[in-house]
Amino acid sequence: MKFGVSTFVTDEGIGPAELGRALEERGFGSLYVAEHTHIPVKRESPWPGGADLPRWYYRTLDPFVTLTAAAAVTERLEVGTGIALVVQRDPILLAKEVASLDRVSNGRAVLGVGAGWNREEMRNHGTDPRTRMRLLSERVRAVRALWTEDEAEFHGEFVDFDPVFLYPKPVRDPHPPIMIGGSGPTTFDRVLEAGDGWMPIYGRDTGALGARIRELRERAGRRLPVAMFGVPAKAEVVAELDEAGVDQVLFNLRTLPEDGTLAELDRLAALI
């Protein structure tokens with residue numbers, strides 16, 4: 001089993017370079033960061049985590065700037081999005097950003113994707129919440145084509161472009177892993193259609209986890225990787241996830257200033 005952290009990097013917490021260096025020094029294998037481009041003032045979409053939206057949701061740094069800063073001061077740390085809101089991103093620009101991150105990190109990038117929950121946020125990007133799952137799948141497949149084809153083209157319901165050249169290509173062969181977030185009734189369909197693995201959220205997506213992981217791998221006909229997001233720092237939880245077949249634990253790292261973050265990382269490192 002591999003270990004990393006999932007967190008919100010903001011202007012009020014530890015900096016991305018300092019965080020990346022601290023993670024690698026303590027033996028963590030990965031850093032996954034969240035994304036919200038903005039939070040609309042008038043918000044009706046309920047946050048799945050409770051009544052009040054935490055402060056750090058309002059203040060996230062751009063994930064690819066964050067991950068590039070962390071990659072620049074590390075040598076082994078995997079750098080990923082947890083999750084990138086693909087339904088709010090142009091797929092051609094996204095393909096360029098992730099491929100560039102994979103280049104500057106020498107093949108350490110991971111693209112974790114999801115459709116998101118904040119309908120007002122996605123509407124500001126011109127996305128219809130009712131079709132966001134189909135849009136997600138198309139944009140991910142378009143990104144894959146841009147990474148792997150010299151003259152890539154895509155013709156779908158939402159994404160449509162004639163042959164283009166897009167460089168750089170990623171370092172990792174055939175491309176950075178695409179991890180699909182979520183736990184709805186069609187999530188596994190999206191994993192099998194467009195992804196390379198599954199990234200469920202601890203607490204929301206853990207019911208009958210072992211059976212669900214076996215179902216996914218049976219449908220795929222191979223051992224698709226599973227990375228569990230937002231894991232609490234408890235040894236019994238790690239053992240539970242190991243027994244269920246999870247490949248990577250991403251501990252939930254609170255957004256704190258540098259001293260508080262380093263102390264928290266020391267506690268988490270004891271569980272590796």
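Throughout, read-outs are computed from the coordinates displayed, never taken from laboratory work. Here the structure is a predicted model, which is why all the values come from computation and not from measurement.
See the values below:
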read-out: Nearby lysines by direct alpha-carbon distance to residue 2 (threshold 26 angstrom, same-chain neighbours under 8 apart not counted); value: 234
read-out: For the range 2-269: rounded, prolate or oblate by the Cα gyration tensor [a/c cutoff 1.5]; value: rounded
read-out: Cα gyration tensor, the range 1-55 - rounded (a/c under 1.5), prolate or oblate; value: prolate
read-out: Shape category assigned to the range 172-272 from the gyration tensor of Cα positions, a/c cut at 1.5; value: prolate
read-out: Straight-distance crosslink candidates among lysines, where the alpha carbon sits under 21 Å from residue 96 and sequence neighbours closer than 8 are dropped; value: 169
read-out: Degrees separating the helix 209-220 axis from the principal Cα axis of the chain, which is the longest one; value: 30 degrees
read-out: Helical contribution to [θ] at 222 nm, DSSP H n ≥ 4, -39,500 (n - 2.57), averaged over the chain, rounded to 500; value: -11000 deg cm²/dmol
read-out: Built amide H within the under 5 Å cut-off of residue 2, gap 5+; value: 248, 249
read-out: Helix axis angle, 91-104 relative to the chain longest principal axis, alpha carbon, degrees; value: 50 degrees
read-out: Folded to 0 to 90 degrees: helix 63-72 orientation relative to the chain principal axis, Cα; value: 60 degrees
read-out: Percent antiparallel among DSSP beta bridges (both partners in the range 2-269, rounded to 5); value: 10 percent
read-out: Gain on full stretching of the segment that runs from residue 219 to residue 21 - 0.36 nm per residue minus C-alpha separation; value: 67.4 nm
